[in-house]
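Enquirer: Next up is a structure, given as structure tokens.
The values are calculated or read from the model by the stated rules, or taken from the named source; none is laboratory data. Small disclaimer: the values here were computed from a predicted structure and weren't measured. Positions of Cβ are generated from backbone atoms using ideal geometry, with glycine treated the same way; all protein chains shown enter the neighbour counts.
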Amino acid sequence: MHQHIPAWFATLFLVASVGLTEGIPNMASAAATTPISHQDVERWAAAWNSHDIETVLTLFDPKVMIHQPSNPRPLDFNGARNFFGMIFKAYPDFHVAVTDAVVEGNTAVSIERVTGTWTGPFVDPASGKTTPGNGRKFDHPGVMVLKYGADRRIQSVDIYWDRVIVNQQLGVSS
């Protein structure tokens, strides 16, 4: 099931996320000296589609914080290595297609279509329970809010996707 996320929705995320940083000291000085571009978003997707966790990690600042719906707490750099490394094993054909992007200053909103097939073990980050793959496919929209530092590495990621849709497609809920 493919669902389109309108550009206005991504813009709302961008405005909300930029507004959240207004009161944080040093956030303005941490912004990229050269504004990021759509090429940075494409580099993000290419890294994911490489299925190489080391390639993905090169995009992140060592102090990155990633808010991802499946995790009970934000992921740090090491947590990202473990969780996303497991994702590449559970869904070896995991693919991100950027369908649109909104870029402003040091923040990008990547609107994506994410697909894959569950063939390897998945470890639930909340419970630690391991579930073997069942061969089912997922295809869902997602939105990633990416905030970059002056060195063009990602300092924070907020990931939005509909867990109900994905769980239904993978046969883990009704």
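Enquirer: Looking only at the stretch 119-151, count every residue that is of a type in the set (S, T, N, Q), in a strand (DSSP E or B) and over 20 Å from Arg73 (Cβ atoms) and tell me the total.
Expert: Number satisfying all stated conditions: 1.
Enquirer: Hey, another quick one. Would it be correct to say that Ala80 is in a helix (DSSP H, G or I), in contact with a Phe, Trp or Tyr (Cβ under 8 Å, 6 or more places away or on another chain) and in contact (Cβ under 8 Å) with a residue 12 or more places away in the chain?
Expert: yes
Enquirer: Another question, then. Take the residues of the stretch 34-75 that are under 12 Å from the mean Cα position of the chain (by Cα) and part of a strand (DSSP E or B): which is nearest to Lys129 (Cα to Cα)?
Expert: In this case the residue turns out to be Leu75.
Enquirer: Could we say that Gly116 is among the small types (Gly, Ala, Ser) and part of a strand (DSSP E or B) here? If you could, list the steps in order and put the result at the bottom.
Expert: Working: among the small types (Gly, Ala, Ser): yes; part of a strand (DSSP E or B): yes.
Here the answer is yes, as Gly116 does meet what is asked.
Every residue, every condition in (1) acidic (Asp, Glu); (2) within 21 Å of Ala80 (Cβ to Cβ), yes or no:
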| residue | (1), (2) |
| --- | --- |
| Asp124 | yes, yes |
| Gly128 | no, yes |
| Val143 | no, yes |
| Tyr160 | no, yes |
| Val166 | no, yes |
| Gly171 | no, no |
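Enquirer: Now for a different question. So the check is Cβ under 6 Å with 6+ separation or different chains; which pairs have a first residue in the stretch 130-151 that's exposed (fewer than 15 other Cβ atoms within 10 Å of the Cβ) and a second one that's assigned to a loop (DSSP other than H, G, I, E, B) and of a type in the set (Val, Ile, Thr)?
Expert: If the second residue must be assigned to a loop (DSSP other than H, G, I, E, B) and of a type in the set (Val, Ile, Thr), the pairs left are Ala150/Thr33.
Enquirer: A further question follows. In the stretch 152-173, what residues are outside any loop (DSSP other than H, G, I, E, B) and of a type in the set (A, V, I, L, M)?
Expert: Taking the stretch 152-173 and keeping what is outside any loop (DSSP other than H, G, I, E, B), we get 154-161, 163-169.
Within the stretch 152-173, Ile154, Val157, Ile159, Val164, Ile165, Val166 meet the criteria.
Enquirer: Next question. Does the stretch 129-155 hold any residues that are touching a helix residue (DSSP H, G or I) at 6+ places or on another chain (Cβ under 6 Å) and closer than 16 Å to Lys89 by Cβ, and which are they?
Expert: Of everything in the stretch 129-155, just one residue is touching a helix residue (DSSP H, G or I) at 6+ places or on another chain (Cβ under 6 Å) and closer than 16 Å to Lys89 by Cβ, namely Phe138.
Enquirer: Within the stretch 55-72, restricting attention to residues that are surrounded by fewer than 18 Cβ atoms within 10 Å (Cβ to Cβ) and at pLDDT below 90, which residue is farthest from Val41 (Cα to Cα)?
Expert: Here the residue is Pro72.
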